[in-house]
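Chemist: Here's a structure for you.
The values are calculated or read from the model by the stated rules, or taken from the named source; none is laboratory data. Treat the numbers as computed from the prediction; the structure is a model and nothing was measured. All Cβ positions, glycine included, derive from the backbone under ideal geometry; neighbour counts span all protein chains shown.
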């Protein structure tokens, strides 16, 4: 099937374009806030703190966001979230450009963004499957993932160059604009609301958790995303300190983000375009293992020239792993609990941010290279455990 076929749906096409600009904003704010807080403090641990300030509320509100997505009108939710995210970023850009921003401003705003993004991620990922025909679902999953990975290809490089020239405020302002465009696009999207639930609020809250707990394939694959994001992907948050080893600037930081983005997008499109009929589960675990190994090589590199291709290859495997897991779970999840299960899965995104606290903390305690190396080693051990003990993954042949 043509991987772009979901764009033939008017509703999905509008959603996808708006979401693309929102993800542009999301990726750019990661670069801008990292540079801003490192400029204000000069400390690797501050990178971890600002990551934790957004990641912890994201994890909690991912669950709440999934509940909201299964109970209420998701289009209205996306409108409100996009509007308030844009407003929050606009304020940060204002105080930055007027040179009155302090570290505590960045921490507080990171918490606010964490709350809003925590609701946004599961709402977004439960919305689009409900506005396209089932036969286009794999295409929709691939394109939705492409907005996240594809936004990493050009945006960080351009953002890095703009920030070098004009300061971090330009990156924050453009991030605000991206979410404002997403806000505007919701006016042209259909309302989506699930049927009224008769269960009480407590049962409604726990239903998704119970489903995942009792389904070995679901909880095993979700744990793969948790481990790879927390123990490996967290290095992204600490990149300013790592790039500083090589006397790099925001330009090199942008190149590093883009290298990771190109790799992730390529891996994602590869997973979306091929029809794997044998040993899909084993290939997912092997792909996650290759991601671990290549990030170890990045951390041990002695020249800045090597880290870009190594990151590209490593994130190719991460893109393949992530898209494959999302496709499997989106195809197999019952419709009535899609939002709640996607909320549980979406926690992996915030764990990738929170992993910056792990890497930054190890960087302060030892050095940044040690912080980037320990996580992938732990992840490799966990993946070996899953391969040896979980039959549901070993026996998974294909998505269908």
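Chemist: I need every pair where a residue in the stretch 182-196 that is on the phi > 0 side of the Ramachandran plot and loosely packed, with under 10 Cβ neighbours inside 10 Å has its Cβ under 6 Å from the Cβ of a residue that is part of a helix (DSSP H, G or I) and at pLDDT 90 or above, sequence separation at least 6 or different chains.
Modeler: Here the result reads none, with nothing in the stretch 182-196 linked to a residue that is part of a helix (DSSP H, G or I) and at pLDDT 90 or above.
Chemist: Sticking with this one: Among the residues of the stretch 317-340, write down those that are farther than 23 Å from residue 282 by Cα and assigned to a helix (DSSP H, G or I).
Modeler: 335, 336, 337, 338, 339, 340
Chemist: Same structure again: Anything in the stretch 40-49 that is touching a residue at least 12 places away in the same chain (Cβ under 8 Å) and within 19 Å of residue 367 (Cα to Cα)? List them, or say none.
Modeler: The answer is 41, 43, 44, 45, 46, 47, 48, 49.
Chemist: From the list 54, 43, exactly one residue is within 25 Å of residue 92 (Cβ to Cβ), modelled with pLDDT under 85 and surrounded by fewer than 18 Cβ atoms within 10 Å (Cβ to Cβ). Which is it?
Modeler: 43
Chemist: Out of 357, 381, 396, report the one residue that is in a helix (DSSP H, G or I) and in contact (Cβ under 8 Å) with a residue 12 or more places away in the chain.
Modeler: One residue alone meets the criteria, 357.
Chemist: Can you name the condition, by its number, that residue 17 falls short on among (1) surrounded by fewer than 20 Cβ atoms within 10 Å (Cβ to Cβ); (2) more than 22 Å from residue 87 (Cα to Cα)?
Modeler: The failed condition is (2).
Chemist: Among the candidates 305, 328, single out the residue that is farther than 23 Å from residue 55 by Cα, modelled with pLDDT of 80 or more, out of contact with any helix residue (DSSP H, G or I) (no Cβ under 6 Å at 6 or more places or on another chain) and buried (at least 17 other Cβ atoms within 10 Å of the Cβ).
Modeler: Among 305, 328, only 328 is farther than 23 Å from residue 55 by Cα, modelled with pLDDT of 80 or more, out of contact with any helix residue (DSSP H, G or I) (no Cβ under 6 Å at 6 or more places or on another chain) and buried (at least 17 other Cβ atoms within 10 Å of the Cβ).
Chemist: Mind checking which residues of the stretch 37-68 are part of a helix (DSSP H, G or I) and within 13 Å of residue 239 (Cα to Cα)?
Modeler: 37, 38, 44, 45, 46, 47, 48, 51 - these are the residues of the stretch 37-68 that are part of a helix (DSSP H, G or I) and within 13 Å of residue 239 (Cα to Cα).
Chemist: Under 7 Å between Cβ atoms, which residue pairs at least 6 apart in sequence (or on different chains) link something in the stretch 119-138 that is at negative phi and in a loop (DSSP other than H, G, I, E, B) with a partner that is at pLDDT below 85 and surrounded by fewer than 23 Cβ atoms within 10 Å (Cβ to Cβ)?
Modeler: Pairs that qualify, where the first residue is at negative phi and in a loop (DSSP other than H, G, I, E, B) and the partner is at pLDDT below 85 and surrounded by fewer than 23 Cβ atoms within 10 Å (Cβ to Cβ), are 131/192.
Chemist: Can you go through 81, 117 and tell me which one is under 25 Å from residue 231 (Cα atoms), in contact with a helix residue (DSSP H, G or I) (Cβ under 6 Å, 6 or more places away or on another chain) and modelled with pLDDT of 85 or more?
Modeler: 117
Chemist: Would you confirm whether or not the stretch 84-92 contains a residue that is at pLDDT below 90 and closer than 18 Å to residue 108 by Cβ?
Modeler: No, every residue in the stretch 84-92 fails to be at pLDDT below 90 and closer than 18 Å to residue 108 by Cβ.
Chemist: In the stretch 256-268, is there at least one residue being more than 30 Å from residue 138 (Cβ to Cβ) and surrounded by 19 or more Cβ atoms within 10 Å (Cβ to Cβ)?
Modeler: Yes, because at least one residue in the stretch 256-268 is more than 30 Å from residue 138 (Cβ to Cβ) and surrounded by 19 or more Cβ atoms within 10 Å (Cβ to Cβ).
Chemist: Take the conditions within 22 Å of residue 245 (Cα to Cα), out of contact with any strand residue (DSSP E or B) (no Cβ under 9 Å at 6 or more places or on another chain) and in a helix (DSSP H, G or I) and apply them to residue 282. Does it pass?
Modeler: Taking the combined requirement at face value, the residue does not satisfy it.
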